[in-house]
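**Student:** Questions regarding the structure given below will be posed in turn.
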Amino acid sequence: MIVLASKSPRRKEILKDLGYDFIVCPAKKDEVFDLSLGLDEALKKVAESKAKEVREFFSDSIIISADTIVCLDQKILGKPKSKEDAIKTLNALSNRRHQVKTGVCVIYKNQTFLHVETTDVYFKKLTEQDIISYVNSGKCMDKAGSYGIQECDFVDHIEGDYTNVVGLPKYVVESIMKDVAL
Ligand SMILES: Cc1cn([C@H]2C[C@H](O)[C@@H](COP(=O)(O)OP(=O)(O)OP(=O)(O)O)O2)c(=O)[nH]c1=O
């Protein structure tokens, strides 16, 4: 059996698109970033801790987990704490390039696979009106960087994988799953 250790509806959709049969069991513990490890290693650890938490309940299953962050000038922009925070973040991203990083973890018995995928995202120049009306829609609140590429018109173009920005890099998951020894 495959278990997706995530509450993200986007991750569920992406995994469904890949054609897998799976159940969903989100991890509940708070995410702790140990930045002394460096960004990518810290992100892997967060993804791994979600998978490990869920493995406690499904020891014979393949567990898939992920964590997504937005990085601007080496600073992590996570989910907004408030509407004001979201407005600040979107102003900072406007007319600039940033990175979206997703750490992916797949655990099966004694095998652990970890990968960080990075996509460069270039934002258009946003007006105050664009930002306020998006933030007022409430859609920004459960998303890293306070935006969802799938639902806003803020992105000029990207370099890299689109599904990575949405929260689960399709081709990375597919390639890891081929390496899992059943
Ligand atoms: C940048 C970006 C992020 N996101 C989402 C993906 C993730 O769901 C979320 C980042 O938060 P995460 O902490 O990675 O994931 P989550 O809390 O939603 O779910 P779980 O920890 O249970 O797996 O931001 C988008 O949907 N679109 C985007 O363009």
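**Student:** Right, S36: over 20 Å from M141 (Cα atoms), among the polar types (S, T, N, Q), at pLDDT 95 or above and outside any loop (DSSP other than H, G, I, E, B) or not?
**Tutor:** Answer is no for this residue.
**Student:** Then there is this: From the list S6, S65, S59, exactly one residue is in contact with a helix residue (DSSP H, G or I) (Cβ under 6 Å, 6 or more places away or on another chain) and either at pLDDT 95 or above or not in a strand (DSSP E or B) (or both). Which is it?
**Tutor:** Answer to the check: S65.
**Student:** I would also like to ask the following. Can Y122 be described as more than 13 Å from the chain's Cα centre (by Cα) and part of a strand (DSSP E or B)?
**Tutor:** Yes; evaluated as a whole, the condition is true for this residue.
**Student:** Looking at the stretch 1-13, I want the residues that are closer than 13 Å to V166 by Cα and have a partner that is surrounded by fewer than 20 Cβ atoms within 10 Å (Cβ to Cβ) and at pLDDT below 95 with Cβ atoms under 9 Å, at least 6 apart or on another chain. Which pairs are those?
**Tutor:** S8/D142
**Student:** Just one of the numbered conditions (1) buried (at least 20 other Cβ atoms within 10 Å of the Cβ); (2) under 30 Å from S175 (Cβ atoms) is not true of I76; which one?
**Tutor:** Condition (1) is where I76 drops out.
**Student:** Among the residues of the stretch 85-102, is there at least one that is more than 14 Å from the ligand (Cβ to nearest atom), within 15 Å of V70 (Cβ to Cβ), part of a loop (DSSP other than H, G, I, E, B) and open to solvent by less than 40 Å² (accessible area, probe 1.4 Å)?
**Tutor:** Yes: the stretch 85-102 contains one or more residues that are more than 14 Å from the ligand (Cβ to nearest atom), within 15 Å of V70 (Cβ to Cβ), part of a loop (DSSP other than H, G, I, E, B) and open to solvent by less than 40 Å² (accessible area, probe 1.4 Å).
**Student:** If V121 passes every condition in (1) open to solvent by 40 Å² or more (accessible area, probe 1.4 Å); (2) modelled with pLDDT of 95 or more; (3) not basic (K, R) but one, which one does it miss?
**Tutor:** V121 satisfies every listed condition except (1).
**Student:** Take the residues of the stretch 25-44 that are surrounded by 17 or more Cβ atoms within 10 Å (Cβ to Cβ) and free of Cβ contacts under 8 Å to residues at least 40 places away in the same chain: which is farthest from the ligand (Cβ to nearest atom)?
**Tutor:** A42
The values are calculated or read from the model by the stated rules, or taken from the named source; none is laboratory data. Here the structure is a predicted model, which means the values were calculated and not measured. Reconstructed Cβ throughout: ideal geometry from the backbone, glycine too, with neighbour counts over all protein chains shown. Keep in mind that these areas ignore ligands, DNA and RNA; they rest on the heavy atoms of the full protein, side chains included. Shrake-Rupley method; radii C 1.70, N 1.55, O 1.52, S 1.80 Å.
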